[in-house]
Amino acid sequence: MASIPDHQNNIGSNEDGEEVEFTQAMNVAGSIYFPMVLKAAIDLDLLEIIAKASPPGAGYKLSPTKIASRLNTMNPYAASIDDCILRLLASYSILKYNLDTSVVTT
């Protein structure tokens, strides 16, 4: 049986109510996308690729481009798609994601 938490019953203004509703909508959207993204990561063996890249506990960083190069795909957008998948998995603490701005590409 579901119920509304007490803190949601004490909404002071309409703006606060809209913020709560927006947060709830984002949670619902996230709950829909997460299982699909996790399945895609498993089907693509992204987690295996990351696990095989470094010894346990080493904390080796692997870029989406390097991961995409290990996939059996000709999709030119694979690295970008991998990046989105990895960011979502990191938001659920499945992986750690670190944006490295020290790399300069020309």
Q. Within region 29-59, restricting attention to residues that are farther than 19 Å from Ser80 by Cα and touching a helix residue (DSSP H, G or I) at 6+ places or on another chain (Cβ under 9 Å), which residue is modelled with the lowest pLDDT?
A. Gly30
Q.
Being at pLDDT 75 or above and acidic (Asp, Glu) is the requirement here; does Asp83 meet it?
A. yes
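This table checks each residue for (1) open to solvent by less than 50 Å² (accessible area, probe 1.4 Å); (2) aromatic (Phe, Trp, Tyr).
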residue: Ile50; (1), (2): yes, no
residue: Pro55; (1), (2): no, no
residue: Leu62; (1), (2): yes, no
residue: Ser69; (1), (2): no, no
residue: Asn72; (1), (2): no, no
residue: Asp82; (1), (2): yes, no
residue: Leu86; (1), (2): yes, no
residue: Tyr92; (1), (2): no, yes
residue: Leu95; (1), (2): yes, no
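The values are calculated or read from the model by the stated rules, or taken from the named source; none is laboratory data. These figures come from a predicted structure and were not determined experimentally. Please note: Cβ atoms are built from the backbone with ideal geometry, for glycine as well, and neighbour counts cover all protein chains shown. Just so you know, the surface numbers come from the protein's heavy atoms only, side chains and all, with ligands and any DNA or RNA stripped out. Shrake-Rupley method; radii C 1.70, N 1.55, O 1.52, S 1.80 Å.
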